[in-house]
Amino acid sequence: LVCGHFGGHFGGELWALDTHPSLPQFATAGDDRFLRVWSLFDRRQVRCTQLEMPARACAYAPDGRRVAVGFGAPAAAGAPKTFDGKVVVLSADDFAVLHEARDSQKHITELRYAPRGDLLAAGSHDHRVYVYAFGDGSIRL
């Protein structure tokens, strides 16, 4: 068990956390509008990217090659609502945008990949679950 303070998120709360499926790393996101990847054993940030708005959820694909981020925040967080409900799938290596979708108007509160990585479920504050299917380089609802 590794314990200790990792530091890093500033300007609000940390909301999203997921572990890499095969590397000793984990990803975090939150009110500071950054997606950060951390080394579990070195206790330091290994890379980060700025996001369009606060995020409430993140999830690694089972193969570790993609990380999904769910956008949105309550009005009290002071963020513009332009991207509430947006789900972005990024390359885990360089954070290149692979897919984007926005089917909800409320913030995304949970993300989970199916074990094979071909489906991504997004739970929204609108009390709905959106399921996206990956295939042929595209994403569809």
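The values are calculated or read from the model by the stated rules, or taken from the named source; none is laboratory data. Only a predicted model underlies this, so the values are computations on that prediction, with no experimental measurement involved. Backbone-built Cβ (ideal geometry, glycine too); neighbour counts: all protein chains shown. We work out accessible area using only protein heavy atoms, side chains counted, and drop any ligands, DNA or RNA first. Shrake-Rupley method; radii C 1.70, N 1.55, O 1.52, S 1.80 Å.
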Accessible-area value, Val88, 1.4 Å probe, nucleic acids and ligands omitted, Å²: 10 Å²
Protection proxy (average C-beta count within 10 Å per residue), highest first, orders 28-36, 58-66 as 28-36, 58-66
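Which order do the peptides 39-46, 108-115, 96-103 come out in when sorted by mean C-beta neighbours inside 10 angstrom, highest first?
108-115, 96-103, 39-46
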Can you tell me, using C-alpha contacts under 8 Å and at least 6 residues apart, the relative contact order of region 18-133 as a whole percent? 18 percent
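When a/c reaches 1.5 or more, the comparison of a/b and b/c decides; with that in mind, is region 92-131 rounded, prolate or oblate per its Cα gyration tensor? Kindly include the intermediate steps, with their values, before the conclusion.
Details: a/c = 2.36, a/b = 1.42, b/c = 1.66.
Note, shape of region 92-131 comes out oblate.
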